[in-house]
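Asker: What follows is a structure written as structure tokens; I'll ask about it next.
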Protein chains: 2
Amino acid sequence: MNTLYSMQNSGNSYKCRLISALTQQDLNVINVDPKRGDTRSESYLKLNTLGKAPILITQNNAIISESNAILFYLAQSTSFWPEDVVLQTKTLSWMFFEQYDHEPSIAVRQSALMRGETDEALLQKLEYKGYRALDRMEEHLKDNSYFGEEQPSIADIALFAYTHNAHKGGFDLDKYPAILNWIEAIQSLAHFKSYEWQAALHKEFSNS
Amino acid sequence: MNTLYSMQNSGNSYKCRLISALTQQDLNVINVDPKRGDTRSESYLKLNTLGKAPILITQNNAIISESNAILFYLAQSTSFWPEDVVLQTKTLSWMFFEQYDHEPSIAVRQSALMRGETDEALLQKLEYKGYRALDRMEEHLKDNSYFGEEQPSIADIALFAYTHNAHKGGFDLDKYPAILNWIEAIQSLAHFKSYEWQAALHKEFSNS
């Protein structure tokens, strides 16, 4: 079985748990808590020298970091990784967009608000960048059901994680009808599990 | 033939030109200059609503944005995209690292210095983040010849683009013997072309 070192309240970790649920793969989930020092512990830093989570340990003991690379691995031989090379390329394109433009504005603004950030210029910059990313998604979803075009792909899972919680970063999705429809479509997929479902079903990390 | 909308002095554009050179694929290169307003022009925004470059138009007219997705496309059926799924996953993992941790510190600090940025706190933050990324690369290269492990992959091309010019962002590579060896190894690949070679061999963008 694959093992995921996962963080609560992390969209990046949720992506990996969600693709496992959607594709009906068992996953051994271990909760790592940065506040408890887990990600700075010696045994964890051996897995990832930057102390980042999530990390997947495959059943053959390969160590995979970066949530979107984990999605790629877990989606092999499922409909979430398309067969056509151009569609594969477009899927990756949306995933690089997610990590460069989307997560660093939408997720980062949410973290900033949660820690009570008072730097107004920073918050405004993140707001501007976040709405630009949402505009681009809306533009695509006007003409396509999914980021995988006709069916959901790992790009949909990557983008869903922080988009459906964008209000927590102060983003108003009411201006984005196509995004709202798409969120509902993802939530209606067979075996879908909600973000809140993450809170249960895991073991705690132990530094040994 | 594939067409690349490319920017001079862009490591992200250089990646795409370099993989084409290394794999001996002809490429129709069109230079877009943001200072001239090219990336804000109506015809360009139709290709990418965020006005980003590079963009690849494939011979079958698919529009691909994100430099690392373009690398994936151009490397299909070449040795730069490994056959083994775990190695493919690790290659993508390094490429997501490149776009999340490496480019936003090492390339962004270079741009900041070039525009005469005076915010010392920002420069220090970028320096800290950039050295953390370089540390992680050094750690890997102590035990592996390439990011593709035994042979160069598109992760090597993605990381080479801004690493070999890291001094322009104020980063001292003398502390990183394994990175310096790896840079030499990439520069020694058959059909390698230098960053400066980009300055030639392109057409100019015309908004029509």
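Values quoted throughout were computed directly from the atomic coordinates according to the rules given, and no laboratory measurement underlies them. Note that the structure is a prediction, hence the values are computed from the model and not measured. Cβ placement follows ideal geometry from the backbone for every residue including glycine, while neighbour counts extend to all protein chains displayed.
Asker: So what does log10 I(q)/I(0) come out to for the range A:85-187 at q = 0.14, 0.15 Å⁻¹, using the Debye formula with one equal point on every Cα and no solvent?
Answerer: For the range A:85-187, the Cα-only Debye profile gives -0.50, -0.57.
Asker: Lysines near B:Lys129 by alpha-carbon distance under 23 Å, same-chain residues fewer than 8 away left out - which ones?
Answerer: Filter leaves A:Lys35, A:Lys46, A:Lys52, A:Lys125, A:Lys129, B:Lys15, B:Lys90, B:Lys142, B:Lys168, B:Lys175.
Asker: Same structure again: Using a 7 Å offset from the Cα along the Cα-to-Cβ direction at both A:Ser145 and A:Asp119, what is the distance between the two label points in nm, to one decimal?
Answerer: My value for the distance between the label points is 4.3 nm.
Asker: Relative to the other copies, what are the label-point distances for B:Gln24, with labels 7 Å from Cα along the C-beta vector, expressed in nm at one decimal and sorted shortest first?
Answerer: The projected label point of B:Gln24 is separated from its counterparts by 4.8 nm.
Asker: What number, rounded to the nearest 500 deg cm²/dmol, is the helix-based mean residue ellipticity at 222 nm of the protein assembly as shown, given -39500 (n - 2.57) per DSSP H run of at least four residues and division by all its residues?
Answerer: Working: 16 runs with 184 residues, N = 416.
Calculated mean residue ellipticity at 222 nm is -13500 deg cm²/dmol.
Asker: Follow-up. Just to confirm my numbers, what's the Cα centroid distance between the range A:94-108 and the range B:157-190 in Å?
Answerer: For the range A:94-108 versus the range B:157-190, the Cα centre distance is 26 Å.
Asker: Considering only the protein assembly as shown, what is the antiparallel percent among its DSSP beta bridges, to the nearest 5?
Answerer: Bridges in the protein assembly as shown are about 50 percent antiparallel.
Asker: Once you have a ≥ b ≥ c as the square roots of the Cα gyration tensor eigenvalues for chain A, tell me rounded if a/c is under 1.5, and otherwise prolate or oblate according to whether a/b is larger than b/c.
Answerer: oblate
Asker: Which residues among the range B:138-164 fall inside the zone where the amide N is under 17 Å from a point 7 Å beyond the Cα of A:Asn60, along Cα→Cβ?
Answerer: Backbone N within reach: B:148-151.
Asker: Next question, about the same structure. Taking a ≥ b ≥ c as the square roots of the eigenvalues of the Cα gyration tensor of the range B:1-111, is the shape rounded (a/c under 1.5), prolate (a/b larger than b/c) or oblate?
Answerer: It comes out oblate by the Cα gyration axes.
Asker: For the rotation taking chain B to chain A, which residue of B has the Cβ nearest the axis, and how many Å away is it?
Answerer: Residue with the nearest Cβ, plus whole-Å distance, for chain B: B:Gln99, 3.
Asker: Let me ask another. Given the range B:2-79, what percent of its DSSP beta bridges are antiparallel, to the nearest 5?
Answerer: In the range B:2-79, approximately 55 percent of DSSP beta bridges are antiparallel ones.
Asker: Going 7 Å from the Cα of B:Met1 toward and past its Cβ, which residues in the range B:38-76 have a backbone nitrogen under 16 Å from where you end up?
Answerer: B:56-61
Asker: Provide the FRET efficiency to the nearest 0.05 for the A:Leu173-B:Gln8 pair, computing r from the beta carbons and using R0 = 41 Å.
Answerer: Values: r = 38 Å, r/R0 = 0.94.
About 0.60, to the nearest 0.05.
Asker: Take each of the peptides B:74-81, A:143-150, A:98-105, B:95-102, average the number of other beta-carbon atoms within 10 Å over its residues, and list them starting from the highest.
Answerer: Going by the mean number of other Cβ atoms within 10 Å, highest first, we get B:95-102, A:98-105, B:74-81, A:143-150.
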